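The values are calculated or read from the model by the stated rules, or taken from the named source; none is laboratory data. Since this is a predicted model, take the numbers as computed values, not measurements. Neighbour counts are summed over all protein chains in view; Cβ atoms, including those assigned to glycine, are modelled from backbone coordinates with ideal geometry. Heads up: the accessible areas ignore ligands, DNA and RNA and are worked out on the full protein's heavy atoms, side chains in. Shrake-Rupley method; radii C 1.70, N 1.55, O 1.52, S 1.80 Å.
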There are 2 protein chains.
Amino acid sequence: MEPPPPAVAAVVASPEPEEGDLVTNKRVILKRYVTGCPRVEDMEVVSGTARLAVTPGSPAVVVKNLYLSCDTYMRTRMRRRAAPSFVPNYVPGEVLENCAVSKVVASGHPDFKPGDLLWGVTGWEEYTLITDPRFCHKISYPEFPLSYYTGVLGVPGITAYAGLFQVAKAKKGEYVFVSAASGAVGQIVGQLAKLIGCYVVGSAGSDEKVNLLKNKLGYHDAFNYKKELDLNAALKRCFPDGIDVYFENVGGAMLDAVLRNMRQYGRIAVCGQVSQYNLERPDGAPDLFLLVAKSLRMEGFLASDYAGGYRRFEEEMARYLREGKVVYVEDVAEGIEAAPAALVGLFAGRNVGKQVVALARE
Amino acid sequence: MEPPPPAVAAVVASPEPEEGDLVTNKRVILKRYVTGCPRVEDMEVVSGTARLAVTPGSPAVVVKNLYLSCDTYMRTRMRRRAAPSFVPNYVPGEVLENCAVSKVVASGHPDFKPGDLLWGVTGWEEYTLITDPRFCHKISYPEFPLSYYTGVLGVPGITAYAGLFQVAKAKKGEYVFVSAASGAVGQIVGQLAKLIGCYVVGSAGSDEKVNLLKNKLGYHDAFNYKKELDLNAALKRCFPDGIDVYFENVGGAMLDAVLRNMRQYGRIAVCGQVSQYNLERPDGAPDLFLLVAKSLRMEGFLASDYAGGYRRFEEEMARYLREGKVVYVEDVAEGIEAAPAALVGLFAGRNVGKQVVALARE
């Protein structure tokens, strides 16, 4: 899960300008609040229009959205009950919003001009009027696939980096476990941990993903959690001396098993808990007394907590990518009509690597 | 809960010396592994003998135990299944061990001489041969009630101090919540937090304890959790702006309610989870995604992690006691025969303040 920067609420809410080209604008709206596993029918692709201009004097920008990011945390915004506070819930009948890569088509803001490539919070639609582009970042390295700015060079990247180094404070020689290890964040965590000399094991939900972890993403070992009868035994097999750092993406039974296998003074960076998002009440009751018994630290975080370090991170990660020290695997769906299914597919583990929806290449 | 320093395993296991006075030695042994709530019948007070001398050349000491400490964490050592690693389980037929205040009656160790007052890990018995007195501390301030070294000047004291300041990093002006707030550790946490200018609320299990919290221990507010239909509502009432620091002693439903009421960047110092110790499987499934949503840190710790700071702590706490800035409430049971019931009583909340068993005054 890769939470966006503090939400730009209602990015499309301001009055439309009266000038400028009017174009059709397909949009993904939330049709109804979701209970249980999200379904394609919970969303709807509708047609609207967008004006490709900003009201004179306003600091807004209009962007053409190129690549939408599909993130499991979006599920937590689809429920009726209070959202867990860092972002507002989606509203039935209104467009979804999340991070994306976009191109500026009109701008009243001094920092942005038509043609600029950005990433930041926008709508799940073809064009978005961003009234407050404070959370838009210009893309510094357009030589990489632009979609990487929904992933390794965007929120998932800084999430992996900050979670591993600033939250968990992983050090050379430590034993690191990553769940959802081939996902948007996990695949980066594993590679970064290996780069600094950790022993890294990942779990994933298919043999294909396990193969990817071992043979492309450089994990020392990996297992398919769906094929393990006993997660505790699987972790003991992979970590006979225990785990120093757990990068937590899933929660539930896996977290319970991990706690039993943590070493004294271990750290758990809590990035997400995808196994819990479709439940009305959390399941699993991990033995949290183990936090005491082994002096463990468990710390949740959001990428936005580390936004101040983004440019330094971007530069470092761009270098790793250029040098081939980090690779990135994406799963790209084509066209806005495919977006609801791409999002829903995350919960069945259908994506292999970071799930992106390509609306346009430029 | 106040875990002792790393256990001195089998403090009474070494061969007895052949010289020296032989005296009767009543001891509390574990009769059988415990399931569910511990009962007096799970322990037995038996009579043995002790030799009041050490084998020449050995660095052992023999102590007369004056005040035994009753601590809820002892329950976690009474089960058959693997202990949660920081201390070994008790063994049926063998004497219990825990922290106590003792007087040296014979010594082969250069640092200790007969008459010295100590606190540290010893047996639940009248006399103990401590083969390795590494975890014995000389008492610097015998002008206070000696029993305070099982409490405010001993492990509960440094647990409260380290948990509040080093783990939770409480700061002036913050909102602090303490569960089991009149217990051995809780009563100190609340007073220390108030001393540095926090707003402090405690929960306890009887109106008598709530009264104690408000009128003797200086808590700004307190509630009887057994009388609250909805812990979440109780916390919202006491903390309309949320909680910055939670000093966690109980776990279960309280932890769940606290997580909902934590403020962004809040910290939870996990000292114990007494509601869980009598269960075979943990109950309650707190919504740990709230750690992510609010960037919360939850950190377990043991007093032994902070043992290096003990002397400085002892000096500071002695000053607070002398100046009346910290007061301490104890519940003293008399005689070793009363020890099993005193320990069991902790789980019914029968104690008011720190539960101690006085075996002898000097």
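Could we say that A:VAL292 is in contact with a strand residue (DSSP E or B) (Cβ under 8 Å, 6 or more places away or on another chain) and more than 14 Å from every other protein chain (Cβ to nearest Cβ) here?
no
Consider B:ARG79 carefully, then state whether it is closer than 21 Å to B:GLY272 by Cβ, within 14 Å of chain A (Cβ to nearest Cβ) and assigned to a loop (DSSP other than H, G, I, E, B).
So B:ARG79 passes the test.
Specify which of the listed residues (A:GLY48, A:GLY120, A:GLY108, A:GLY115) is away from chain B (no Cβ under 14 Å), on the phi > 0 side of the Ramachandran plot and more than 17 Å from the chain's Cα centre (by Cα).
Just one listed residue meets the conditions, A:GLY115.
Can you tell me which residue within region B:296-320, out of those that are within 7 Å of another protein chain (Cβ to nearest Cβ) and in contact with a Ser or Thr (Cβ under 9 Å, 6 or more places away or on another chain), is surrounded by the fewest Cβ atoms within 10 Å (Cβ to Cβ)?
B:ASP305
Is it the case that region A:247-259 has a residue that's in a strand (DSSP E or B), of a type outside the set (S, T, N, Q) and buried (at least 17 other Cβ atoms within 10 Å of the Cβ)?
Yes, some residue in region A:247-259 is in a strand (DSSP E or B), of a type outside the set (S, T, N, Q) and buried (at least 17 other Cβ atoms within 10 Å of the Cβ).
It is to be established whether one or more residues within region A:273-289 are hydrophobic (A, V, I, L, M, F, W, C) and more than 10 Å from chain B (Cβ to nearest Cβ).
Scanning region A:273-289, I find no residue that is hydrophobic (A, V, I, L, M, F, W, C) and more than 10 Å from chain B (Cβ to nearest Cβ), so the answer is no.
Quick one: is B:LEU229 free of Cβ contacts under 8 Å to residues at least 12 places away in the same chain, more than 10 Å from every other protein chain (Cβ to nearest Cβ) and outside any helix (DSSP H, G or I)?
Criteria met by B:LEU229.
Output the residue which, of all residues in region A:43-65 that are touching a helix residue (DSSP H, G or I) at 6+ places or on another chain (Cβ under 8 Å) and open to solvent by less than 20 Å² (accessible area, probe 1.4 Å), is farthest from A:THR122 (Cα to Cα).
Residue satisfying both the conditions and the ranking: A:MET43.
Determine whether region B:337-344 contains at least one residue that is crowded, with 18+ Cβ neighbours inside 10 Å and either in a strand (DSSP E or B) or within 14 Å of another protein chain (Cβ to nearest Cβ) (or both).
Looking through region B:337-344, none of the residues is crowded, with 18+ Cβ neighbours inside 10 Å and either in a strand (DSSP E or B) or within 14 Å of another protein chain (Cβ to nearest Cβ) (or both).
Look at region B:260-281 and say how many of its residues are open to solvent by 30 Å² or more (accessible area, probe 1.4 Å) and in contact (Cβ under 8 Å) with a residue 12 or more places away in the chain.
Number satisfying all stated conditions: 8.
Which residues, taken from region B:202-233, are among the hydrophobic types (A, V, I, L, M, F, W, C), over 28 Å from B:GLU314 (Cβ atoms), open to solvent by less than 10 Å² (accessible area, probe 1.4 Å) and under 21 Å from the mean Cα position of the chain (by Cα)?
none
How about region B:83-105: which of its residues are in a loop (DSSP other than H, G, I, E, B), open to solvent by 40 Å² or more (accessible area, probe 1.4 Å) and more than 14 Å from chain A (Cβ to nearest Cβ)?
Selection gives B:VAL91, B:PRO92, B:GLY93, B:GLU94.
Going by the structure shown, is A:ALA348 within 18 Å of the chain's Cα centre (by Cα) and either open to solvent by 40 Å² or more (accessible area, probe 1.4 Å) or at pLDDT below 95 (or both)?
Yes: the conditions hold for A:ALA348.
Give the residue that is nearest to A:ALA303 (Cα to Cα), with candidates limited to residues of region A:66-76 that are of a type outside the set (S, T, N, Q) and within 12 Å of chain B (Cβ to nearest Cβ).
A:TYR73
Does region B:325-333 include one or more residues that are among the hydrophobic types (A, V, I, L, M, F, W, C), open to solvent by 10 Å² or more (accessible area, probe 1.4 Å) and within 14 Å of chain A (Cβ to nearest Cβ)?
For region B:325-333, residues among the hydrophobic types (A, V, I, L, M, F, W, C), open to solvent by 10 Å² or more (accessible area, probe 1.4 Å) and within 14 Å of chain A (Cβ to nearest Cβ): absent.
Output the number of residues of region B:122-136 satisfying the condition of being modelled with pLDDT under 95 and in a strand (DSSP E or B).
1
If B:PRO110 satisfies all but one of (1) farther than 18 Å from B:SER304 by Cα; (2) open to solvent by 30 Å² or more (accessible area, probe 1.4 Å); (3) assigned to a strand (DSSP E or B), what's the number of the condition it fails?
All conditions pass for B:PRO110, except number (3).
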